[in-house]
Amino acid sequence: DPQLNANYTFENYIEGDCNRLARSAGYAVAAKPGGTSFNPLMIYGGVGLGKTHLAQAIGNEIKHSMPDKLVIYVSCEKFCQQFVDSLKNNTINDFVNFYQAMDVIIMDDVHNFAGKEKTQDIFFHIFNHLHQSGKQVILTSDKAPKDLAGLEERLLSRFKWGLSADLQIPDLETRIAILRKKMYADGIELPGEVVEYVAHNIDNNVRELEGAMVSLLAQATLNKKEIDLALAKQMLKNFIKNTSKEISMEYIQKLVCEYFEVPVDMVKSQTRKREIVQARQISMYLSKSHTKSSLKTIGAFFGGRDHSTVIYACQTVEDLIDTDKKFKAYVHDIQKKLKMS
Ligand code: ADP
Ligand code: MG
C-alpha cells in the first residue's frame, strides 16, 4: 500500500512510559480491528512525538496479518483536498463510496479539520457509516478531543466515543533506546558518550532527536570521520539553532484562505460575501500583527483599500476575539500555523 510507510512498524516503535497506553491500545486494535471498544482510537500529542509512526504501525500490522482487509491511511489535509476536488469534478459519490468501503481508516492530524465545516460534514457521515458497520477508525491529533477548537460538536462527540491515548516526550532512557535503534538500523555505531550527549540535549521531540542523529551519522559516513564528543557538540550547536523566517502578507493570505476554504484571489476582490469579508479582515489583522507592513501597504495589498479600512478590520477582529469563542479559536489556530512556518 503506497500510503503506508513500511518502516513505521511496532517493531521499530520503542516502548516507554511516554507511549505505553497508546502503544498497547494500538496493538489491541491491530489484532482485532473494529472488534474492541477502542473505536475510534485517537492518538494525540505534540509535534514529532510519534503519532504518525504509531498510527501507521497499526495499519502495517493489519495489512500483514489480515491481507484481505482494506486499510486506508490518509492525512486530514489530503482528505480535505480530495473533498474539494470531488466537489469541483462532481464525483462526491465516488469519494464517499471509496472511504465507506474501507475496513480500517487511519486519518492523521484531524486538528486540520478546524474551520472546514463542509469537509467535517462529509467525514461525519463516513465515520457513522464505518462505525455502524463495525469498521475500525484510527485518528491522530495534536490535542485531546476536548481541547480541539474549531471542530463541530457532533464530530467531536464521536471522537470521544472510543479511547483517547496521549503521547508524551520520552524520558532520557527511552530517548537513548530510540537513538540506539536508529544506529542499529543504519548499521553505524557512535560512542556511548555521544549518544548520551544527544539524548540529553535534544529533549523536546523525537523527530528532532532523530534529525540530530541522522546528521551525525551522515557526517560519519560521508567524511569517514570519527564522531567524538567534541565534534558532536560542535555539530549540534548548528542543529539546535532555530532560524525564524519572515512572514509575508502573501503567505498570510494563502494560509487564511486555505483555512476557511475560500479561493485565494477572492480576498482581494470587492465582494461583500460574509465568509470572504471575514477571511479578508483576519488577513489584514494578522498582517498588522505579524509583518512590518504599514496600514497603507496592507490596505493596498488586500484589494486597493485605504488605511481606515484596515483599522476597521483590525477593530472588528479584536471585538470578535473578545466576544466569540469560536472565532477566537479560529484566529489562534491560524496564528499557530503561521508560527510553524
Ligand atoms: P508526529 O506524527 O507525532 O509528528 P512522527 O510519527 O512523524 O511524529 O515521529 C517523528 C519521528 O520520530 C519518526 O521518524 C518516528 O519514527 C520517530 N519516533 C517517534 N516515536 C518513536 C518511538 N517511540 N520509537 C522509535 N521512533 C519513534
Ligand atoms: Mg504526523
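The values are calculated or read from the model by the stated rules, or taken from the named source; none is laboratory data. What you are looking at is a predicted structure, and each value in this text was computed from that prediction instead of being measured. Positions of Cβ are backbone-derived with ideal geometry, glycine not excepted, and every protein chain shown enters the neighbour counts.
Restricting ASN19, ASN112 to residues that are closer than 22 Å to ALA144 by Cβ and touching a helix residue (DSSP H, G or I) at 6+ places or on another chain (Cβ under 6 Å) narrows the list to ASN112.
Just a yes or no: is a residue in the range 233-249 modelled with pLDDT of 85 or more, closer than 30 Å to HIS200 by Cβ and either outside any loop (DSSP other than H, G, I, E, B) or away from ligand 2 (no atom under 16 Å from the Cβ) (or both)? Yes; the residues of the range 233-249 include at least one that is modelled with pLDDT of 85 or more, closer than 30 Å to HIS200 by Cβ and either outside any loop (DSSP other than H, G, I, E, B) or away from ligand 2 (no atom under 16 Å from the Cβ) (or both). Residues that are within 15 Å of ligand 2 (Cβ to nearest atom) and under 13 Å from PRO33 (Cβ atoms) within the range 61-107 comprise just one, ILE106. Candidates are the residues of the range 140-165 that are crowded, with 18+ Cβ neighbours inside 10 Å, at negative phi and not hydrophobic (A, V, I, L, M, F, W, C); the one that is farthest from ligand 2 (Cβ to nearest atom) is ARG158. Taken over the range 175-196, the criterion of being within 28 Å of the chain's Cα centre (by Cα) and either more than 17 Å from ALA232 (Cα to Cα) or not aliphatic (A, V, I, L, M) (or both) is satisfied by ARG175, ALA177, ILE178, ARG180, LYS181, LYS182, ALA185, ASP186. Summed over the range 262-306, the residues that are touching a Phe, Trp or Tyr at 6+ places or on another chain (Cβ under 8 Å) and either closer than 21 Å to ILE247 by Cα or modelled with pLDDT under 90 (or both) give a count of 10. Scanning the range 22-60 for residues that are more than 20 Å from HIS131 (Cα to Cα), assigned to a helix (DSSP H, G or I) and within 11 Å of ligand 2 (Cβ to nearest atom) yields LYS51, THR52, HIS53, LEU54. For the range 170-211, taking the residues that are of a type in the set (Asp, Glu) and closer than 19 Å to ALA6 by Cα, the one that is nearest to ligand 2 (Cβ to nearest atom) is identified as GLU210. Exactly one residue out of GLN315, GLN270 is free of Cβ contacts under 8 Å to residues at least 24 places away in the same chain, loosely packed, with under 14 Cβ neighbours inside 10 Å and more than 30 Å from TYR197 (Cβ to Cβ): that is GLN315.
This table checks each residue for (1) touching a Ser or Thr at 6+ places or on another chain (Cβ under 7 Å); (2) more than 16 Å from ligand 1 (Cβ to nearest atom); (3) farther than 19 Å from PHE127 by Cα; (4) touching a residue at least 24 places away in the same chain (Cβ under 8 Å).
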| position | (1), (2), (3), (4) |
| --- | --- |
| ILE14 | yes, no, yes, yes |
| LYS32 | no, yes, no, no |
| GLY35 | no, yes, no, yes |
| ILE43 | yes, no, no, yes |
| ILE58 | no, no, no, yes |
| GLU61 | no, no, yes, yes |
| VAL71 | no, yes, no, yes |
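Summed over the range 110-127, residues that are within 16 Å of ligand 1 (Cβ to nearest atom) and either among the β-branched types (Val, Ile, Thr) or surrounded by fewer than 21 Cβ atoms within 10 Å (Cβ to Cβ) (or both) total 2. Checking the range 33-40 against the condition returns a match, with at least one residue being closer than 30 Å to GLU173 by Cβ and out of contact with any strand residue (DSSP E or B) (no Cβ under 6 Å at 6 or more places or on another chain).
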